[in-house]
Amino acid sequence: MNMKDPRLLRVLAGVGLLAGCVWAYQSMYATPRDALLADAQSLRSSIASIERDLEGEAEVRKRQKALGERTLGARQDLVTNRFRIALARLAERAGLSEVVVETGDPKDTRNPVVDAKGIASALKRDLRASPGFGVMRGRVQGNGTYEQAVAAVAWAQSQPWIHRVEGLTIKPLDRERKRFQVTLDVGTIHAPAWAKDEGTDPALAELIPETDAAYRVMASRNPFVKPAPAGPAPVRVANPGKPGPANVAPVMPAYDDWKLTGVVVGRGGLEAMLHNTRSGERLTVTKGAQVLDAVLVDGGGDQAVFEIRGARFEVKNGETLASRRPLG
């Protein structure tokens with residue numbers, strides 16, 4: 001082949017020019033473009049990750065604000081004063097007397113995330129270095145009836161600024177077991193970074209309905225007092241009249257006086273709660289126990305089944321024993 005052939009030289013020159021253009025395209029455009037596209041994709045991923053973190057941070061801040069609103073303030077001296085006043089009001093609201101309140105200094109509480117698995121070590125180190133909040137513990141003690149002692153527990157469990165009930169002691173003060181000393185140990189969160197000092201001393205929140213219902217069940221039966229013995233069996237009274245065989249008529253129990261107010265099936269088994277509309281007395285009977293001559297044998301939901309003189313009857317909530325219906 002003649003290397004000096006003009007046509008060959010033109011072909012070689014064209015090939016060289018094309019190769020140069022391809023190299024220039026790759027080095028000056030394609031490669032930088034691919035790098036920029038990769039950087040752009042990485043940036044988009046980073047932005048998406050940051051947005052997710054920001055969304056999570058917004059939720060965390062929202063929860064922190066909500067928790068801060070359930071605390072007693074930021075300054076320790078103010079929190080201590082409010083805590084003591086609120087505990088004293090709680091005891092008085094329950095009807096207790098001779099009330100004594102004690103509080104301590106807040107103690108730092110380690111964030112539970114520190115003990116969780118799958119959390120980055122760096123985050124755990126930061127959490128150990130700066131505790132998120134402290135817990136101020138308090139004790140309130142007072143004297144009253146069993147119902148008042150149980151009421152104090154119910155009021156404590158209903159307060160948003162009491163974050164934990166840590167201990168409860170109820171001790172009889174007399175041989176008749178009518179007066180008791182109740183001691184409640186509670187804790188409130190102290191989080192200065194989330195709380196505000198504005199406002200006045202906290203007002204007592206009303207009883208939570210579920211707590212109120214549980215309190216009434218507990219208060220209806222004093223476990224420190226032995227149940228009263230069953231009443232005497234119905235008697236038959238002779239009606240004086242003409243000489244001869246006595247005209248005997250039975251004295252019927254006062255079924256109209258006892259109204260069913262609730263039926264509970266719990267760990268202790270079946271229980272029926274009744275209210276005497278005449279005397280105001282409240283009574284809780286367990287399965288096999290009786291009110292008048294009606295023995296509780298079954299129940300659930302809104303009804304109870306009583307056995308009276310060998311026959312079974314159904315009574316629903318809000319009805320008296322006189323409204324009972326026979327079961328087949």
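The values are calculated or read from the model by the stated rules, or taken from the named source; none is laboratory data. Only a predicted model underlies this, so the values are computations on that prediction, with no experimental measurement involved. Neighbour counts are summed over all protein chains in view; Cβ atoms, including those assigned to glycine, are modelled from backbone coordinates with ideal geometry.
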Next item on the list: Using the structure shown, decide if Val315 is β-branched (Val, Ile, Thr), over 19 Å from Pro223 (Cβ atoms) and touching a Leu at 6+ places or on another chain (Cβ under 8 Å).
Entry: yes
Note to self: If I filter segment 319-328 down to residues being touching an Asp or Glu at 6+ places or on another chain (Cβ under 9 Å) and in contact (Cβ under 8 Å) with a residue 24 or more places away in the chain, which single residue comes out as surrounded by the fewest Cβ atoms within 10 Å (Cβ to Cβ)?
What the structure shows: Ala322
Note to self: Scan segment 285-308 and tell me whether some residue there is touching a residue at least 24 places away in the same chain (Cβ under 8 Å), within 16 Å of Thr261 (Cβ to Cβ) and among the hydroxyl-bearing types (Ser, Thr, Tyr).
What the structure shows: no
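For every residue, the table says whether it meets (1) surrounded by fewer than 19 Cβ atoms within 10 Å (Cβ to Cβ); (2) touching a helix residue (DSSP H, G or I) at 6+ places or on another chain (Cβ under 8 Å); (3) at pLDDT 90 or above.
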| site | (1), (2), (3) |
| --- | --- |
| Asp126 | yes, no, no |
| Pro131 | yes, no, no |
| Gly142 | no, yes, yes |
| Tyr146 | no, yes, yes |
| Ala156 | no, yes, yes |
| Lys171 | yes, no, yes |
| Glu176 | yes, no, no |
Next item on the list: Out of Pro243, Pro253, Pro234, report the one residue that is exposed (fewer than 12 other Cβ atoms within 10 Å of the Cβ) and either at pLDDT below 75 or over 33 Å from the mean Cα position of the chain (by Cα) (or both).
Entry: Pro243
Notebook entry, point to check: Among the residues of segment 285-308 satisfying the criterion of being β-branched (Val, Ile, Thr) and surrounded by fewer than 17 Cβ atoms within 10 Å (Cβ to Cβ), which is nearest to Pro223 (Cα to Cα)?
Noted result: Thr286
Checklist line | Output for segment 309-318, where each listed residue is closer than 16 Å to Asp257 by Cα and either surrounded by fewer than 17 Cβ atoms within 10 Å (Cβ to Cβ) or more than 37 Å from the chain's Cα centre (by Cα) (or both) | finding: Lys316, Asn317, Gly318
Notebook entry, point to check: If you scan segment 264-285, which residues turn out to be within 20 Å of Glu147 (Cα to Cα) and assigned to a strand (DSSP E or B)?
Noted result: Val264, Glu271, Ala272, Met273, Leu274, His275, Asn276, Arg282, Leu283, Thr284, Val285
Next item on the list: Could you please find all residues in segment 199-220 being out of contact with any helix residue (DSSP H, G or I) (no Cβ under 8 Å at 6 or more places or on another chain) and within 16 Å of Ser158 (Cα to Cα)?
Entry: Ala203, Ala205, Glu206, Pro209, Glu210, Ala213, Arg216
Check: Residue check: is Ile189 surrounded by 13 or more Cβ atoms within 10 Å (Cβ to Cβ), farther than 26 Å from Thr145 by Cβ and either aliphatic (A, V, I, L, M) or at pLDDT 80 or above (or both)?
Finding: yes
